[in-house]
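Worksheet: the structure to be examined is printed underneath.
The numbers here are math on the coordinates, done by the rules we state, and not lab data. Predicted model, so just to flag it, every value in this text is computed and none were measured. Here Cβ is always computed from backbone atoms with ideal geometry, including for glycine, and neighbour counts include all displayed protein chains.
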Amino acid sequence: MPTSRPIHWLLGCTAGLLLWASSFVVLYAGLTLGCEAGWHAGRLAGFNLLTAALALAWLVHLLALAALWRWFGGWAEPLRRLARVLTAVAVAATVWTGWPLLALPPCAGQMLASTMEDAACSTT
């Protein structure tokens, strides 16, 4: 249970948004590195390896946000409400950031950009 120290309140209230930021960085850096490394070509249980790895990272972040939601149970009502509202915002942002992993093929933007390159533009 969190104590009444202000640093715990500050960390507790911002923890959800910090988890969202972590998810954002991990997913987009992982997508970029995975596309460059060719992980999208590998298969794992019927899914491509890159999508499976990124979906697992996304799920871990969502589970951490769910655990954080329960952590506020012993707080005073105004702080618990504030922390849960901020955590709900973080959950919505994390879902919005991660849903394209399941809906779109990985590295599609990179493949599209490579087909649109113009030889005249690349020589300047």
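General observations
- The listed residues are Ala37, Ala76, Ala64, and the only one of them that is out of contact with any Asp or Glu (no Cβ under 6 Å at 6 or more places or on another chain) and within 24 Å of Trp96 (Cα to Cα) turns out to be Ala64.
- Within the span defined as segment 12-28, one or more residues are surrounded by 13 or more Cβ atoms within 10 Å (Cβ to Cβ), in contact with a helix residue (DSSP H, G or I) (Cβ under 8 Å, 6 or more places away or on another chain) and within 17 Å of Leu104 (Cα to Cα).
- Candidates Ala93, Ala52 - the one that is surrounded by 14 or more Cβ atoms within 10 Å (Cβ to Cβ), in a helix (DSSP H, G or I) and touching a residue at least 24 places away in the same chain (Cβ under 8 Å): Ala93
- Meets criteria (crowded, with 19+ Cβ neighbours inside 10 Å and closer than 30 Å to Val85 by Cα) for Trp39: no
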